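Below you'll find the structure, written out as structure tokens, and then a few comments.
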Amino acid sequence: MGPIRVILLPGSVLPAQPAYGALIEALGPDVQAVAKDLELYADDEPPPGWSLDTEIDGVLREADAQGWETFHLAGYSGGGAAALAFTAKHPERLLSLALLEPAWAGNWDWSPAHTELWKKYDQLETLPPEQFMPAFVRLGVKHDVVLPPPPEGDPPPWMAKRPAGIKAFLRTFKSYELERARLASFDKPVFFALGGLSNPDDYGEIAQRLARVFFPDFHLEVFPKRHHFDPPHRIEPERLAELLRRHWEQSEASTAA
């Protein structure tokens, strides 16, 4: 068995390298992990007509540039939504899928609580810039989670792109047609990492819905002390690396059998 090949997609806030640097180190040298930045942030503004399909095209270009006919795909938050969309469009390219609290998983079978939560996400569009990010972060965690204050000093230059990028994600989630039947036919292993302190009406519901509706080979792993903004790939990279390696090795062993 050769090296494990995986593309890692970040969320809508941190760039790929700071998001995944600790995880890549923990995975070790026999995992060829490419932390790929989102196409959304290639320029100062979101590309015209950007959607999850833009991110799918970017993953295809990256895999082809690496010479990978098949590979593992992992995505966090907005990158997790893009990973789901990729799985629906190009399942034949994937050996497995890993979802780290995807921000969205289609517009069907929502509970009343999930529907109400997305009304609050819709309201973010009307907020002034200084209120947007704090309100966005608050929606992602349980109501009693104490969030740290913003870091002191000037924000990094890339942060200026983030409000427009997050809004682009929220808009495409309203209109994007995630191909439900194609997802339901995906028979490769799917791993889902869930923070115990994340908003259960958001990421907890997504995990339950994907396990119930799709994916015959679905494994849910809960990180009790983590939430969406201190995720395991940054805070508990060794534990997540061990789980992901097992997930990938089992997938490759099954494929080779």
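The values are calculated or read from the model by the stated rules, or taken from the named source; none is laboratory data. What you see is a predicted model; the values in this text were computed from it and never measured. Every residue, glycine as well, gets a Cβ built from its backbone with ideal geometry; the counts of neighbours run over all protein chains shown.
Only one of 117, 97, 124 is in a helix (DSSP H, G or I), farther than 22 Å from residue 150 by Cα and in contact (Cβ under 8 Å) with a residue 12 or more places away in the chain. Can you tell me which?
None of the other options fit; the residue is 117.
Residue-wise test of (1) under 27 Å from residue 54 (Cα atoms); (2) of a type in the set (A, V, I, L, M, F, W, C); (3) touching a helix residue (DSSP H, G or I) at 6+ places or on another chain (Cβ under 9 Å).
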residue	(1), (2), (3)
153	no, no, no
167	yes, no, yes
172	yes, no, yes
185	yes, no, yes
197	no, yes, no
201	no, no, yes
219	no, no, yes
253	no, yes, no
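Residue-by-condition table, conditions (1) among the acidic types (Asp, Glu); (2) crowded, with 16+ Cβ neighbours inside 10 Å; (3) outside any loop (DSSP other than H, G, I, E, B); (4) over 15 Å from the mean Cα position of the chain (by Cα):
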| residue | (1), (2), (3), (4) |
| --- | --- |
| 2 | no, no, no, yes |
| 5 | no, yes, yes, yes |
| 26 | no, yes, yes, yes |
| 29 | no, no, no, yes |
| 33 | no, yes, yes, yes |
| 49 | no, no, no, yes |
| 55 | yes, yes, yes, no |
| 59 | no, yes, yes, no |
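One residue is enough: does the stretch 76-93 have a residue meeting the conditions more than 13 Å from the chain's Cα centre (by Cα) and of a type in the set (Gly, Ala, Ser)?
There is at least one residue in the stretch 76-93 that is more than 13 Å from the chain's Cα centre (by Cα) and of a type in the set (Gly, Ala, Ser).
Can you tell me which residue among 168, 105, 135 is among the aliphatic types (A, V, I, L, M), touching a residue at least 40 places away in the same chain (Cβ under 8 Å) and part of a helix (DSSP H, G or I)?
Being among the aliphatic types (A, V, I, L, M), touching a residue at least 40 places away in the same chain (Cβ under 8 Å) and part of a helix (DSSP H, G or I) holds for just one of 168, 105, 135, which is 168.
Looking at residue 184, is it more than 19 Å from the chain's Cα centre (by Cα), of a type in the set (A, V, I, L, M, F, W, C) and surrounded by fewer than 17 Cβ atoms within 10 Å (Cβ to Cβ)?
no
When you look at residue 126, is it crowded, with 21+ Cβ neighbours inside 10 Å and of a type in the set (S, T, N, Q), yes or no?
Answer is no for this residue.
Residues of the stretch 215-249 being of a type in the set (A, V, I, L, M, F, W, C), surrounded by fewer than 20 Cβ atoms within 10 Å (Cβ to Cβ) and in contact (Cβ under 8 Å) with a residue 24 or more places away in the chain, which ones?
Of everything in the stretch 215-249, those that are of a type in the set (A, V, I, L, M, F, W, C), surrounded by fewer than 20 Cβ atoms within 10 Å (Cβ to Cβ) and in contact (Cβ under 8 Å) with a residue 24 or more places away in the chain turn out to be 218, 220, 222, 243.
Filter the stretch 121-167 down to the residues that are among the basic types (Lys, Arg) and touching an Asp or Glu at 6+ places or on another chain (Cβ under 7 Å), then identify the one that is farthest from residue 13 (Cα to Cα).
Result: 167.
Considering 145, 141, which residue is at pLDDT 95 or above, surrounded by fewer than 20 Cβ atoms within 10 Å (Cβ to Cβ) and among the aliphatic types (A, V, I, L, M)?
145
Could you count how many residues in the stretch 153-206 are under 29 Å from residue 90 (Cα atoms), touching a strand residue (DSSP E or B) at 6+ places or on another chain (Cβ under 8 Å) and of a type in the set (A, V, I, L, M)?
Of the residues in that region, 4 qualify.
Find the residue count for the stretch 84-123, including only residues that are crowded, with 17+ Cβ neighbours inside 10 Å, polar (S, T, N, Q) and over 18 Å from residue 179 (Cβ atoms).
Of the residues in that region, 1 qualify.
Here is a list of conditions, (1) under 22 Å from residue 137 (Cβ atoms); (2) acidic (Asp, Glu); (3) not in a loop (DSSP other than H, G, I, E, B), and residue 37 meets all of them except one; can you say which number that is?
For residue 37, the failing item is (3).
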